Amino acid sequence: MPKSHYGEQLWDKNSIKKNQDGYIRILSKFIPKNTTDITQEILYTMDNNCLENSFRYVALGAKEFNEFKNNFSDWKIPNGDKLIVGVLDQVCSFEN
């Protein structure tokens, strides 16, 4: 579970699914260090591309997974984000 000064990012090892394109889909949850009306827990369904070290959010939620679909999400690189780098590292090494 990666941590930063913003909070921590958890992901569910039981949620791992590898799709036909070789991407790894997981369920993940961001828990902010301080919770307010603006900064709340966020639930993510995310695809991870271990070969290119990139990710995309397929869906988001506040109360449950997949509340808001994001079917046309672009692939992103972590760009130094400790939480995303940590999730990518853990998911890719867990899968291999």
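The values are calculated or read from the model by the stated rules, or taken from the named source; none is laboratory data. The structure presented is a predicted model; accordingly, all values stated were derived computationally and were not measured. A quick note on method: Cβ atoms are made from the backbone with ideal geometry, for glycine too, and the neighbour counts reach across all protein chains shown. These accessible areas exclude ligands, DNA and RNA; they are computed on the full protein's heavy atoms, side chains included. Shrake-Rupley method; radii C 1.70, N 1.55, O 1.52, S 1.80 Å.
Karplus-based coupling profile of the range 9-17, in residue order and whole Hz: 10, 9, 9, 9, 4, 6, 8, 4, 9, with θ = phi - 60° in 6.51 cos²θ - 1.76 cosθ + 1.60 and x standing for Gly or Pro. Residue-wise HN-Hα couplings along the range 52-67, as the Karplus relation 6.51 cos²θ - 1.76 cosθ + 1.60 with θ = phi - 60° gives them from phi, are 10, 6, 9, 8, 8, 8, 8, 7, 10, x, 10, 9, 8, 5, 6, 5 Hz; Gly and Pro carry x. Sequence-ordered 3J(HN,Hα) estimates for the range 82-95 from the Karplus curve with 6.51, -1.76 and 1.60 and θ = phi - 60° stand at 4, 5, 5, 4, x, 5, 4, 4, 5, 5, 5, 6, 5, 6 Hz, glycine and proline given as x. Taking GluC sites (Glu not before Pro) across the chain, the ones in a DSSP loop with at most 14 further Cβ atoms lying within 10 angstrom of their Cβ are E41, E52, E64, E67.
Would you work out the relative contact order for the chain, in percent, from Cα pairs under 8 angstrom that are 6 or more residues apart?
About 24 percent, as a whole number.
Every Cα-Cα pair in the chain was counted, and those over 15 Å apart are 59% of them. A 1.4 Å probe run over the protein chains yields, for the chain, 67 Å² of accessible area per residue, whole-number rounding.
In a reduced charge model with +1 at each Lys and Arg Cβ and -1 at each Asp and Glu Cβ, the range 13-70 shows a dipole moment near 200 debye about its Cα centre. Nonpolar atom fraction for the chain, defined as the carbon and sulfur part of the 1.4 Å probe accessible area, stands at 49 percent.
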